[in-house]
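Take a look at the structure set out below.
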Amino acid sequence: MKAIRSRYNGRTRNPWNEYECGNWYARAMPSFALVGALSGFRYSAVDRILCFGPRLKERPFTSFFSTASGYGTITLSGQDITLRMIEGQLAIEKLQFTNSDGTCSLDWETVAHENAPVTKAL
């Protein structure tokens, strides 16, 4: 990532036009993919499964996420996961959390709405 960012430092090239990824249309979207890679956030609207597994050990860990039905933040603090919708809603039946110890699955059975944070213990 450091090598990519150094090529687009703004001195010699447009920092928002990563031409390896489409030049005219994709632009800075590959950089945004790093948020999902770092947080391990994935969401299946069909199966209503949210996956979360931050790659960093620092706690609390908070990450932005975006789906077709809304966006918000997800936080891991100690043994609690908090989902806060900023806009929209997110239907979840299961949450799969992955860390260095393995994967655990939680029944969530709720719809997270704007400004109504939902917290579950691992």
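The values are calculated or read from the model by the stated rules, or taken from the named source; none is laboratory data. What you see is a predicted model, and the numbers here were worked out from it, not measured in a lab. Neighbour counts run over all protein chains shown; Cβ positions are idealised from the backbone, glycine included.
Can you find a residue that is of a type outside the set (S, T, Y), farther than 19 Å from G36 by Cα and either at pLDDT 75 or above or exposed (fewer than 12 other Cβ atoms within 10 Å of the Cβ) (or both) anywhere in the range 58-78?
Yes, some residue in the range 58-78 is of a type outside the set (S, T, Y), farther than 19 Å from G36 by Cα and either at pLDDT 75 or above or exposed (fewer than 12 other Cβ atoms within 10 Å of the Cβ) (or both).
When you go through (1) modelled with pLDDT of 85 or more; (2) out of contact with any Gly (no Cβ under 8 Å at 6 or more places or on another chain) one by one for S31, which number turns out not to apply?
Only one criterion in (1) modelled with pLDDT of 85 or more; (2) out of contact with any Gly (no Cβ under 8 Å at 6 or more places or on another chain) is unmet by S31, namely (1).
Taking the criterion of being more than 15 Å from A121 (Cα to Cα) and small (G, A, S), would at least one residue in the range 56-65 satisfy it?
Looking through the range 56-65, at least one residue is more than 15 Å from A121 (Cα to Cα) and small (G, A, S).
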